1. So, in nm, how far is label Asp150 from label Lys120 when the simple model puts each one 7 Å beyond its Cα toward the Cβ?
2. Considering only the other residues whose Cβ falls under 13 Å of the Cβ of Lys180, what net charge follows from Lys and Arg at +1 and Asp and Glu at -1?
3. Can you tell me the length gained on complete extension of the stretch Val60 to Lys179, counting 0.36 nm per residue apart and subtracting the Cα distance?
4. Of all alpha-carbon pairs in the range 121-176, indicate the percentage at a distance above 15 angstrom.
Amino acid sequence: MNYTKNMPKMFQKYLLYTFQVPSIIFLIAFIHTTPVIYAYEGIETFYIRYDVKSSKNTIVDAALLMIPAKDEFRAEKFSQITITGVISSHPAGGRVINDKTVREDALKTILVKNGLRSIKTKDLDTIISYEGVMITPVNILKNIYNKDGDNYSYEVRVEFSPIAFPDKWKTLDMKYKIKKTIYEFFDLFNL
């Protein structure tokens, strides 16, 4: 049944706007306020490791690895670290300096200066690993281009704690238990 047929024209338009406009506004507001989901959403802590591989005293490869630290979070003491650095604007690779490059360079520098260091050597090949945990975000405080030196100087702040990577926890725990047992054994004879 069509009830609007007997209504005056003015009321028909009013009835149309009364139902359509609020529903359109509701749909626009609902779509606009729906949160965007990013791949890193909810992840605040990361295990980070910087491996530098050298062969015959020459650096062959370097890799920065980041793994989310959700439930395995074991670091107790974080410190806020502010670090400054310089990146050449025309390195051999010809890369463009952006925030990603600055963050990557800053994390490598923080790991080298403040991270746990482990060294593996076999023949003339050596791998030096720097490890720790960081809480995001990595805040870039300054990123300034210096015309004189043709480079970028930056200042970055991040919360960091030196801690071993999760794949080493079982080995470190076993070494600690063996060490503790040996000390207790020798302590028996020192009464």
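1. For the pair Asp150/Lys120, the computed spacing is 3.9 nm.
2. Every neighbour counted, the sum reads 0.
3. Here the answer is 39.3 nm.
4. Summing the P(r) of the range 121-176 above 15 Å gives 71 percent of all pairs.
We did not get these values from a lab; they are worked out from the coordinates using the rules stated. Keep in mind that this is a model prediction, so the values were computed, not measured. So basically every Cβ, Gly included, is an ideal-geometry build from the backbone, and we count neighbours across all protein chains shown.
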